[in-house]
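Peer 1: Submitted below is the structure of interest, expressed as C-alpha cells.
Readers should treat all values here as calculations from the given coordinates under stated rules, not as data from a laboratory. As the structure is a prediction and not an experimental result, all values here were calculated from the model. Virtual Cβ from ideal backbone geometry, glycine too; neighbours counted across all protein chains shown.
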Amino acid sequence: MSATAHPPNPNDHPIAPYLRMDRMPHIWCPTCGIGTVVKCFASALEEADIDLDKVAITSGIGCTGRVAGYMNLDAFHATHGRAIPFATGLKLARPELEAVVFSGDGDLSGIGGNHFIHAARRNMDMLVILVNNFIYGMTGGQNAPTTPISAKSSTMPFGNFERPFNLPHLAASCGATFVSRWTCLHIRRLTKCMRMAMRRKGFRFIEVIAPCSTLYSRLNRLGGGLELMRFYHDNAKIQHGIDTREVDIGFQDTIVCGNFVDEEKPTFLDMMNTHYEEVLGEEYVPMAPDGGWLHD
Amino acid sequence: MRYWRKPLDFDQVTVPRGEVVIIADRCKGCAFCVEYCPKDVLVMSEDFNVKGYHPPEVVVEGECVNCNLCEMICPDFAIFCVPAGDPVAVEAVLSISAEEDKFAEEEALN
Amino acid sequence: MKTDPKGVLTGVHYLDGDYACGEGAMAAGCRFVAGYPITPSTEVVERISRRFPVMGGTFIQMEDELASMAAVTGAAWTGTKTMTVTSGPGFSLMMENIGLAAMMETPCVVVNVQRGGPSTGLPTMVGQADMMQARWGSHGDYELIAMSPQSPQEAFDLTIDAFNLAETYRVPVMFMMDECVGHMTEKVVIPEAEEIDIVPRVLSDKTPEEYKPYALNGRPVPEMVRAGDGYRFHTTGLTHDDRGYPDMSVERQQINVQRIMDKILLNVDDIVRFEEEETEGADVVVVAYGITARVARMGIDLAREQGVKVGFLRLVVVWPFPEKRIRELAGSIKSFVVPEINLGQMVLEVERCAGGKAQAVHVPHAGGGVHDPEKICKAIVEAAR
C-alpha cells in the first residue's frame, strides 16, 4: 500500500514542538546529515527534561549555522566564527541560561578557532555541538581545517596537503571537560551523549561527523550521503576513553568514536564566584542568576 | 523473528508493534530509513512526491516494531512511527484508503 | 528611571578620562563589560574590573576584540546594559560585530579612546582619525550615534547619555574619546544616584505568541525581550522580517535597511547635540570636538584679540552630524575652520554641508600631540580675510 497519497500533518512529527514549523522545509540538501543531528538534539532535549525557556542556542554562519534558525528556542544567528563568544555573553549576563552552540567545523575551528580554545580553557559553561562534514559547505566546498589529507575541495582542487585538526584532541588539550565524537549514523548513542552532556556543566564538546553529499562527497567521488553512511557503518570504531591523540581522521579512514573525556571541574563562573567570595568576602555581589537587567 | 532457541521469557515479553507514518512531500529521497530499518519494512516507492523525489513506502505490513529508528535518522523529519492502533496512523491510513478507493472508482469509470 | 545606587560613586573626585568613563558606565547601569587590553583604553576596564564585583556586574577579559564585541552583543540580549572598550586597532577588529549589533538592533556602547594611526601607529599618543570609521566602519548601510567628550567630567556625563541613546534607539553607540581626554586627570563631580536618570531597557508586554521581534509598536524602534523569558524568539544578522526570520528578498532589504537608517535620520533633531558660542554675526566659525575643542578655544581667543569675529561650534554628538545647523551657518559666514587631529575627516562633512556657500578650512595634525593654538589662530585670521 502506498503511503504517498495523503501525507499526514507535519505537525504530528514528534520533533514538531522543538522546531519552528513555519520555517519548514529546511534548506539542507538531500542526504545531508545535519537534519539527523538536529533530530537527535531535539530528542535529547526532551529526554534531559530541562527548562526549554532557559535554553539559548547560538549558531554561526554556514550550513550547520542555520540550525539555530530552525529551533523553537531563544535562537541567535551570529557572525561567522563568533557563536562561542556570543554565547559566552549570553551565559555570563544571565547565568541561569543553558547556552548551546550548534555550528559547523569551518565556523568553530577555522575562523572561530581562537574563541573555541579560550572557551575550552576557561571551562566556560556551554554545550558545543560541532557538525563536521570536512568542508565549507555553504560557500561551495572549500578546504576546511578538518579536511583530511588528499581530499579534494574547491580551493584544493589537486587534493588537500594541509594537516587537519584532530578536534577532540584540540578540545581536550585546551581543557574541555566533556569530549565526544559520534557520526550521525549513531543516532541512539549520539542522543544519549547529548543527553548526558546536557546534564553536566562546563565546556562540553560533541563532534558529529555528517555527510555532505553535494560538496565533500561529490568533489571526492564518494557517492551520496547514503554511501557515506554505509562508510561510517563499516569504518566507525567505538573506543570510549581512548587518548584523544589517537583519534585523527584520515581520508576515508577509520573514524574513532566514543566518549573520550568526562570530568567534573569548576566552570568559569564557579571559579569566579569562589574566588571573589574568598577575596572580597561580604562585599562580593555576584550577578543574579536571572541576569544583569536593571529594572524598577 | 527467528530464534536459535526460544527465549525463556518468550511468553512474558510483548514485541511492540508500530505503524509507520510518512510525510511524503517532505522526503528528499535519501533512503536512510530504507537502509537502516531493522525489520526491512520500507522500500523506496516508484511514486513521486511533489518535489519529484521517491518517498519510501511500507511493503511489509505488521512487522514495524515502533523502534523509531527511521524517525531519528531521517534528516528531513519526514517519517515517524506511532504505536499500532494510534489515531494518527489510523487517520493517515484511512485517508490513504479513501484516496485509493476514489482512484479505483475513477479508473473503473474510464 | 533612577539608576541603581550601587554603581554610583557619588562625590568629588580627581579622575582621568578613562576612569571617569568607567564610572559613567557603572552609573548608567551597565553590568556586563567584555574587553581586551589596548592602550590607551585599558584603564576603563581596569577600573570596571575592580568595581564590578561589588555591584553585581560581570567583567571578562576576552581573547580578542572580536570576541569582546560578540560577547557584548550576546549579553545585551539578556536585558543587561553592556559595553566594550578599545582603541584604533581593536576598533577595526570590532567592525563586523558592530555591524551585527546594528543589524540585530542591539543597544550597547563601544568606547574608542583614539590614538595615532593607522595600524599600530602611536599607541600612547593622541589621534582623532577614527571619526569617519565610527560612521562608516562596518560594511553596508546603517546609521549609528557617535559622541565625543572634551573632558573627564564630560567623559562621565556623556557615557550615561550614550547608554540612554543606545536604549532609546536600539543602536550601538560609539563613544569616541581620545587619548588626551582619556589620560587627562581633572575634577569629576559624580552626583547622587537620585539625580541620574537612565533610560531602562523597554521590554515588550506582548505574549510569546503575539510577539514579533522587529514589528514596530507605535515607537520608533521595536521592543526587545530577554533571552530566557520564554519568548523563543529568533534574531539574525541576515536580512530579516518582522519575526526575525531570514527573508532575503529585495523588498525586505529595502524595508529593513531603510528602517535601520530612518530610526536615526527621522529623529535627528532629538539626537544631534552641539554647543555654540558667539556665532551670531561671526565671519568665521570654528568647528571642533574632543581635546581639540579645548585647544581651539585658545586659538579663538588669540584671533579675537586680533579683532576677528569668530564663533565656535563644538560637536558633542558627532554622528549624526548637525547638518542643518552647518547649512544655516554657511549662509551667513565666510568660512568654517575645522582643526582636528587627523588629515581631514569631519572637515569633509562640514564642507559637504556648507555646500559651497562658505569655505571649510582644515587645520590638520597627523597625530601624536595637540595643535599649536597659534596655528589655529593663523588659520582663523586668514579665513576671515
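Peer 1: Please figure out what share of the DSSP beta bridges in chain C is antiparallel and state it in percent, rounded to the nearest 5.
Peer 2: On the way: 16 of 51 bridges.
In chain C, approximately 30 percent of DSSP beta bridges are antiparallel ones.
Peer 1: Along the charge dipole of segment C:5-195, Cβ charges K/R +1 and D/E -1, which of C:M125, C:G35, C:P149 sits furthest on the positive end?
Peer 2: C:G35
Peer 1: Rounded to the nearest 20 debye, what is the charge dipole size of segment A:146-296 about its Cα centre when +1 sits on each Lys and Arg Cβ and -1 on each Asp and Glu Cβ?
Peer 2: On the way: 17 positive and 18 negative charges, 243 e Å.
For this selection, approximately 1160 debye.
Peer 1: Rounded to the nearest 500 deg cm²/dmol, what is the calculated helix-only ellipticity per residue at 222 nm for the protein assembly as shown, with -39500 (n - 2.57) per DSSP H run of length n ≥ 4?
Peer 2: Details: 24 runs with 259 residues, N = 791.
Helices in the protein assembly as shown give a 222 nm mean residue ellipticity of -10000 deg cm²/dmol.
Peer 1: Taking 22 Å as the cut-off for C-alpha to C-alpha distance, list the pairs among A:K39/C:K212; C:K2/C:K81; A:K192/B:K6; B:K6/B:K39; A:K192/A:K237; A:K39/A:K192 that go past it. Don't skip to the end; give the middle numbers.
Peer 2: Details: A:K39/C:K212 26 Å; C:K2/C:K81 15 Å; A:K192/B:K6 31 Å; B:K6/B:K39 19 Å; A:K192/A:K237 17 Å; A:K39/A:K192 12 Å.
Listed pairs above 22 Å: A:K39/C:K212; A:K192/B:K6.
Peer 1: Enumerate the calculated ³J(HN,Hα) couplings along segment C:108-125 in order (Karplus 6.51 cos²θ - 1.76 cosθ + 1.60, θ = phi - 60°), each rounded to whole Hz, writing x wherever the residue is Gly or Pro.
Peer 2: With coefficients 6.51, -1.76 and 1.60, one gets 6, 10, 10, 9, 10, 8, 5, 9, x, x, x, 6, 5, x, 10, x, 10, 10 Hz.
Peer 1: Next question, about the same structure. Each residue of segment A:283-296 in turn: what ³J(HN,Hα) in whole Hz from Karplus with 6.51, -1.76, 1.60 and θ = phi - 60°, glycine and Pro shown as x?
Peer 2: 6, 6, 10, x, 5, 5, x, 8, x, x, 6, 8, 8, 5
Peer 1: What are the chymotrypsin sites (Phe, Trp or Tyr not before Pro) within segment B:7-77 that DSSP puts in a loop, where the Cβ has at most 13 other Cβ atoms within 10 Å? It would help to have the intermediate numbers written out before the result.
Peer 2: On the way: sites: B:F10, B:F32, B:Y36, B:F48, B:Y53, B:F77; in loops: B:F10, B:F48, B:Y53, B:F77.
Passing both the DSSP loop test and the Cβ count: B:F10, B:F48.
Peer 1: Amide H neighbours of A:E98 under 5 Å, counting only residues 5+ apart in sequence or on other chains, H built in-plane at 1.01 Å?
Peer 2: Correct list: A:V55, A:A56.
Peer 1: I would also like to ask the following. Hand me the chymotrypsin sites (Phe, Trp or Tyr not before Pro) from segment A:83-181 located in a DSSP loop with no more than 16 other Cβ atoms within 10 Å, in residue order please. Each step should come with its number before you reach the end.
Peer 2: Values: sites: A:F86, A:F102, A:F116, A:F134, A:Y136, A:F158, A:F161, A:F165, A:F178; in loops: A:F134, A:F158, A:F161, A:F165.
Listed in order of number, the matching sites are A:F158, A:F161.
Peer 1: Follow-up. Which percentage, to the nearest 5, of the DSSP beta bridges contained in the protein assembly as shown is antiparallel?
Peer 2: Values: 31 of 98 bridges.
Among the beta bridges of the protein assembly as shown, antiparallel pairing accounts for roughly 30 percent.
Peer 1: Can I ask one more? Hand me the trypsin sites (Lys or Arg not before Pro) from segment B:1-58 located in a DSSP loop with no more than 16 other Cβ atoms within 10 Å, in residue order please. Before the final figure, lay out each step's value.
Peer 2: On the way: sites: B:R2, B:R5, B:R17, B:R26, B:K28, B:K39, B:K51; in loops: B:R2, B:R5, B:R17, B:K28, B:K39, B:K51.
Passing sites in segment B:1-58 are B:R2, B:R5, B:R17, B:K39, B:K51.
Peer 1: To make sure I understand the rule: partners must be lysines, Cα under 17 Å from the Cα of B:K51, and not fewer than 8 residues away in the same chain. Which ones qualify?
Peer 2: By straight Cα distance, B:K51 reaches B:K28.
Peer 1: Check C:V338: other-chain or 5+ apart residues with amide H under 5 Å from its amide H, H built from backbone geometry?
Peer 2: For C:V338, whose amide H was placed from the backbone, the distant partners under 5 Å are C:V287, C:V361, C:H362, C:V363.
Peer 1: Here's something else I'd like to know. How many angstrom separate the Cα center of segment B:1-72 from the Cα center of segment C:168-192?
Peer 2: 66 Å
Peer 1: Mind listing the Cα extents of the protein assembly as shown along all three principal axes, in Å, largest one first?
Peer 2: 113, 70, 58
Peer 1: Order these by the 10 Å Cβ neighbour count, fewest first: C:V370, C:V287.
Peer 2: With the fewest neighbours first, C:V370, C:V287 line up as C:V370, C:V287.
Peer 1: Placing +1 at every Lys and Arg Cβ and -1 at every Asp and Glu Cβ, with all other atoms neutral, what dipole size does segment C:274-384 have around its Cα centre, in debye to the nearest 20?
Peer 2: Numbers: 13 positive and 16 negative charges, 37 e Å.
The calculated dipole for segment C:274-384 is roughly 180 debye.
Peer 1: Report, in degrees rounded to the nearest 10, the 0 to 90 angle that the Cα long axis of helix A:268-280 makes with the longest principal axis of chain A.
Peer 2: 10 degrees
Peer 1: While we're on this one: With only Lys, Arg, Asp and Glu charged, each at its Cβ (+1 for the first two, -1 for the last two), find how big the charge dipole of segment C:5-195 is about the Cα centre; round to the nearest 20 debye. Show your work: numbers first, answer last.
Peer 2: Details: 10 positive and 23 negative charges, 69 e Å.
Here segment C:5-195 has a charge dipole of around 340 debye.
Peer 1: Only bridges whose two residues both fall in segment A:15-283 count here: according to DSSP, what percent of them are antiparallel, nearest 5?
Peer 2: On the way: 7 of 36 bridges.
The answer is about 20 percent antiparallel.
Peer 1: What are the ³J(HN,Hα) couplings of segment A:86-94, residue after residue, when phi is run through the Karplus curve with 6.51, -1.76, 1.60 and θ = phi - 60°? Round to Hz, x for glycine and proline.
Peer 2: For segment A:86-94, the Karplus curve yields 4, 5, 4, x, 4, 5, 6, 8, 8 Hz.
Peer 1: Which helices, counted as full DSSP H runs in chain C, have an axial Cα extent of no less than 18 Å and a Kyte-Doolittle average of -0.5 or above? The partial results should precede the final answer.
Peer 2: Details: long enough: C:88-104 (24 Å, 0.91); C:152-169 (25 Å, -0.12); C:250-265 (22 Å, -0.39); C:291-305 (22 Å, 0.18).
Span-like helices in chain C: C:88-104, C:152-169, C:250-265, C:291-305.
Peer 1: Taking amide hydrogens as modeled 1.01 Å from N in the peptide plane, which residues meet the under 5 Å criterion relative to B:D76, leaving out close sequence neighbours?
Peer 2: none
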